[in-house]
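Here's the structure we're looking at; comments come further down.
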Amino acid sequence: MQASIMHVETQITHVLTRVGRVAVYIKESSSGKLPLIFLHGVYLDHHLWDEQIEAIKDRMVVAVDMPLHGSSRENIKPDWTVNDCAEMLVDILDSLQIPQVIAVGHSWGSMTILRAAYHHPERFASIGLCNMPFHAASGKQKLVFALQHTMLMFKNFYTTQAAKSLFGKTSLRKDVSLIEHLKRTMNILSGKDIKQIDKTVILNADDATELIRNLQVKAIALKGLEDYVPTPPAIETIIVEGGHISPLEQPQKVSYLINELLN
């Protein structure tokens, strides 16, 4: 079974940032309204947001392929961090001459937006944080990932297990094609890529609890009932059915979140 991709009309450009050459997809508009920018999570790509982007008709929309994902695989620096990704986001806004934006992220994308908005609050009118990890990884988590990485030689099995841990059980029962979405994006990632992404984004990321508590930008969070991430403190949070990939599991609820940010 092939995972279907919605064909959204966008123009691709590549932006040179501090983490390297990053692919950016732009849906133009002359409305003058604040643009929206979308950042996806690990193992995915900009197509995560196709349904939301297709529905937005009244403003410029930008979607990013995060480092090593999608079309952002060439000329990426080897030693980037999550904090570098936050500055990468600002680099993209500068390159596109966007002084202020509404930003929506998923997982790693949310981690990136949180850090960028904390350090550069004037650049963000509001932010949507879907399925955002914010605690530092525990010793147990690091051990679990080390054991999981020994299975990377069996790529199809590894991807299927990743899908089972990321998507909610209810979601997978209703729509088995969700696994195919993850296979499509993970197939281009090598075992080395996956290890680096996991290490940088999940295992080595600093705890962000205080950033959340001291955030000066309007923020709304969203997480799944079966999501492994906790509810962030001090932020209005929408709880939805499903697991950790709400933009695919509950796209209409994510669209509701976006409308709340716009209003």
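Quick notes on this one:
- The set of residues in the stretch 17-50 that are at pLDDT 95 or above and among the acidic types (Asp, Glu) comprises Asp45, Asp50.
- Members of the stretch 163-183 found to be in contact with a helix residue (DSSP H, G or I) (Cβ under 8 Å, 6 or more places away or on another chain), in contact (Cβ under 8 Å) with a residue 60 or more places away in the chain and outside any loop (DSSP other than H, G, I, E, B), listed by number: Leu166, Ser171, Leu178, His181, Leu182, Lys183
- Residue list for the stretch 88-108, restricted to those being of a type outside the set (Ser, Thr, Tyr) and more than 21 Å from Arg59 (Cα to Cα): Met88, Trp108
- Scope the stretch 156-208; condition hydroxyl-bearing (Ser, Thr, Tyr) and out of contact with any Gly (no Cβ under 9 Å at 6 or more places or on another chain); matching residues: Thr159, Thr160, Ser177, Ser190, Thr200
- Cβ separations smaller than 8 Å between residues 6+ apart or across chains give the following pairs from the stretch 191-220 residues that are of a type in the set (D, E, K, R) and in a loop (DSSP other than H, G, I, E, B) to residues that are surrounded by 15 or more Cβ atoms within 10 Å (Cβ to Cβ) and modelled with pLDDT of 95 or more: Asp206/Val82; Asp206/Asn83; Asp207/Phe134.
- Check on Phe167, of a type outside the set (S, T, N, Q), farther than 22 Å from Phe124 by Cα and surrounded by 19 or more Cβ atoms within 10 Å (Cβ to Cβ): yes
- Residues of the stretch 13-38 that are among the basic types (Lys, Arg), more than 18 Å from Gly105 (Cβ to Cβ) and more than 18 Å from the chain's Cα centre (by Cα): Arg18, Lys33.
- Neighbours by Cβ (under 7 Å, 6+ apart or cross-chain): first from the stretch 13-33, over 16 Å from Asp50 (Cα atoms); second aromatic (Phe, Trp, Tyr) and not in a strand (DSSP E or B): Val19/Trp80
- When Ala86 is tested against (1) surrounded by 13 or more Cβ atoms within 10 Å (Cβ to Cβ); (2) among the hydrophobic types (A, V, I, L, M, F, W, C); (3) closer than 24 Å to Glu226 by Cβ; (4) out of contact with any strand residue (DSSP E or B) (no Cβ under 9 Å at 6 or more places or on another chain), only condition (3) is not met.
- Being in contact with a Ser or Thr (Cβ under 9 Å, 6 or more places away or on another chain), of a type outside the set (S, T, N, Q) and over 16 Å from Val42 (Cα atoms) is a property that Ile98 lacks.
- Filter result (farther than 17 Å from Leu182 by Cα, of a type outside the set (A, V, I, L, M) and surrounded by fewer than 20 Cβ atoms within 10 Å (Cβ to Cβ)) within the stretch 40-72: Glu54, Lys57, Asp58, Arg59
The values are calculated or read from the model by the stated rules, or taken from the named source; none is laboratory data. Computed from a prediction, not measured in an experiment: that's the story for all the values here. All Cβ positions, glycine included, derive from the backbone under ideal geometry; neighbour counts span all protein chains shown.
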